[in-house]
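Heads up: the structure comes next, in C-alpha cells.
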Amino acid sequence: MGREFLTWLWFEAERNEGGVDTPTFGRVGVDFGQRLSLETGGNTKEGSTVQADAPSQAEEARTALRTGKKVAKARLLLDAGERQYQVNLDAESLTIAGAKLPTMLGPKDASLLDERLRLIDELEAILDEMYVGFVRLRMDEGRWAPVREAMREWVAGSGA
Amino acid sequence: MALASGSVSYLRFFVAPPPEGFERLYAEQLGALRFVEIDPRSEVEKVNGWVQFDDAFAGDFDPGTLVTPSGYLLFRLRIDTLKIPAGTMKAYVDQEAMNRCKAQNREKLSRKELDQLKLEVKKQLRLRSLPKLQLVDIAWNIQSGEVRLFSASKAVAAAFVELFEKTFQTNLQAVGLRSVLWLRGMNEAEVDSLSLLEPERFHLIPR
C-alpha cells in the first residue's frame, strides 16, 4: 500500500495543480526532489533510481512506471501554507527520515525544542492525513475506479 | 538526526496511556535503569541506560520537571561501547610478542602464551581507551502516547524497545503502515478489510 500511496501522490501532484487536499491543513503542495526510486512488487524486486532536479519529470521515471514499477522511495517537498518541509519517505514503512524542518520564529517564550517538536507533529500529521486519505479512497471502489483509470492513462503517457 | 538540530530521522512507537500520578513512578523507573559507565577492568564491551535529555552524565530524574510544559517526556538513551579494534589489538600483540621473544632469545611464543598475551594486552588497552559514546534522543508525547526514537538504526531500536519495556513494564508497539491508520481514527474492521484489496497495476492499458 505504501508504494501505491507514493505513486498516487506523484499523480495527484501533477493532476491537482501540485497539491493534495487534507482535512486539517487544506491543500498541501507536493513536489518530488532530487532522488526517486521505483520498484516492482513481489519477491524478485527490480528497481530504478532517478537522480535529477525534478526526478518526477524525467523520462526514465516515466518509463519505469510504464514497466510496472511503483514509487518505493522519494524525497518529498511539502508546502503547508507558510511552512515548507522536506522529507525522505520509504514506502515500506513511511518512516520519516532526513526531514528538513522550516526555520520559524516562534513566540518568545517557546523554546527551540518545543518549536521543533511542534513542527515534527505537523509534518507527521500532514503525511498521516494524506496517507489515510489515500487509503480511504482506495477502499471505496466507487471513488477509486475513475482514479485508477486516470492513473493508467497518466502512466501510459497521455498526461494527467 | 537529533531532535535539537539539523535534519530529523526517527522511528515511531505507540504506548498505552500512563497511570494517574505517573511522574514520580516514571522518574524512579528511569533512575533505576539509568546509565552506568563501563568498568574498563571488566570484560563488558557494551552498556546502555537512560540519561537526562540535556546531560549525558546525569541519570537521576526529577518528577517535578519530568514532563515539559508542552506535554513531552524527553530523555536520552546512552549507549557506550568499549571495544578494542581488531587492527589495534593485532599491532600491540605483535609488538609485545616480538619484545618477549627478543628478551627470551626465542623464535616465537607458544599458542598458550600468545592467548595469555592477548588477554594482557586487551586489559592494558581497555584501561587506556575511552568508550565510544552514543546518545539517542527520545520524545514521549504523554497525551497521545506516541514515542519517537531519533535514530534510524535497527540495532538501536531493538536495544531501546528492550530497555523501555523493562523500565516501564509496558508494551511498546512500532507504528507502521497499518497501525498508523488506527492511530488516525480508522476502525479495526476497516483496517482489516485492506488485506482483501489486490495490488493495483497502473501500467495496464486503460480501458
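Read-outs throughout are calculated quantities, based only on the coordinates presented, and are distinct from any laboratory measurement. Computed from a predicted structure; not experimentally measured. Backbone-built Cβ (ideal geometry, glycine too); neighbour counts: all protein chains shown.
Within the listed set B:153, B:42, B:179, the residue fluctuating most in the Gaussian network model of chain B (springs between alpha-carbon atoms under 10 angstrom) is B:42. Projecting the Cα atoms of A:132, A:80, A:65 onto the charge dipole of the stretch A:2-158, computed from C-beta unit charges around the Cα centre, puts A:65 farthest toward the positive end. Per-residue packing, averaged as other Cβ atoms within 10 Å, sorts the ranges A:22-34, B:97-109 into the order A:22-34, B:97-109, beginning with the highest. The loop-placed chymotrypsin sites (Phe, Trp or Tyr not before Pro) in the stretch B:1-95, going by DSSP, that have at most 13 neighbouring Cβ atoms within 10 Å of their Cβ come out as B:57.
Taking θ as phi - 60° and the Karplus parameters 6.51, -1.76 and 1.60, the scalar couplings of the stretch B:163-175 work out to 6, 4, 5, 5, 5, 9, 6, 8, 8, 10, 9, 5, 8 Hz in sequence order, x denoting glycine and proline. The H on the amide N of residue B:46, modeled in the peptide plane, is under 5 Å from the matching H of B:82, each at least 5 residues off or on a different chain. A crude spin-label estimate for the pair residue A:35 and residue B:45, with each label 7 Å from Cα along the Cβ direction, gives 3.0 nm.
The HN-Hα couplings worked out from phi for the stretch B:188-201 by the Karplus form 6.51 cos²θ - 1.76 cosθ + 1.60 (θ = phi - 60°) are 4, 5, 5, 5, 4, 5, 4, 5, 7, 6, 7, x, 6, 10 Hz, whole numbers, x standing for Gly and Pro. For the protein assembly as shown, the Cβ-based charge dipole about the Cα centre amounts to some 1860 debye (Lys, Arg positive; Asp, Glu negative; other atoms uncharged). Give me a single rounded figure for A:86-99: the average over its residues of other chain Cβ atoms within 10 Å of their Cβ. The mean count of partner-chain Cβ atoms within 10 Å per residue comes to 4.
Shielding value for A:146-154 is 3, the average number of Cβ atoms from other chains within 10 Å of each residue's Cβ. Summarising the label geometry, the points placed 7 Å from Cα in the beta-carbon direction at residue B:118 and residue B:102 lie 2.4 nm from one another.
Listed cross-link partners B:112/B:132; B:118/B:166; B:102/B:122; B:46/B:90; B:90/B:132; B:132/B:166 are compared with a 27 Å cut-off, the Cα-Cα value being larger for B:112/B:132; B:118/B:166.
Rounded to the nearest 500, the 222 nm mean residue ellipticity of chain B from helices alone is -11000 deg cm²/dmol, with -39,500 (n - 2.57) taken per DSSP H run of at least 4 residues. Between residue A:99 and A:88, B:8, B:9, the built amide H atoms are under 5 Å apart, and every one of these is 5 or more places off in sequence or on another chain.
Other residues with beta-carbon under 15 Å from the beta-carbon of residue B:134 carry, at +1 per Lys or Arg and -1 per Asp or Glu, a net charge of +2. Of the residues B:105, B:139, B:157, the one whose Cα sits farthest towards the positive end of the charge dipole of chain B is B:105 (charges of +1 on Lys and Arg Cβ, -1 on Asp and Glu Cβ, taken about the Cα centre). The trypsin sites (Lys or Arg not before Pro) found in the stretch B:1-80 that occupy coil by DSSP, while having at most 16 further C-beta atoms within 10 Å, are B:41. Once backbone amide H atoms are built at 1.01 Å from N, residue A:46 has A:40 as its partners under 5 Å, excluding neighbours fewer than 5 places away on the same chain.
Computed about its Cα centre, the charge dipole of the stretch B:86-128 is approximately 120 debye, with only Lys, Arg, Asp and Glu carrying charge at their Cβ. About its Cα centre, the dipole of the stretch B:1-159 is roughly 1140 debye, where the only charges are +1 on Lys and Arg Cβ and -1 on Asp and Glu Cβ. Across all directions, the average projected area of the convex hull around the alpha carbons of chain A is 9.8 nm². When the stretch A:2-158 is described by a simple charge dipole with +1 on each Lys and Arg Cβ and -1 on each Asp and Glu Cβ, the residue from A:157, A:96, A:13 located farthest towards its positive end is A:157. According to the square roots a ≥ b ≥ c of the eigenvalues of the Cα gyration tensor, what is the shape class of the stretch B:86-128, taking rounded for a/c under 1.5, prolate for a/b larger than b/c otherwise, and oblate for the remainder? Because a/c hits 1.5 or more and a/b exceeds b/c, the stretch B:86-128 counts as prolate. Helical runs (DSSP H, four residues minimum) scored at -39500 (n - 2.57) apiece and divided by the length of chain A put the mean residue ellipticity at 222 nm at -13000 deg cm²/dmol. Here the Karplus relation 6.51 cos²θ - 1.76 cosθ + 1.60, evaluated at θ = phi - 60°, turns the backbone of the stretch B:84-95 into coupling constants of 7, x, 4, x, 5, 4, 4, 4, 6, 5, 4, 5 Hz, with x for every Gly and Pro.
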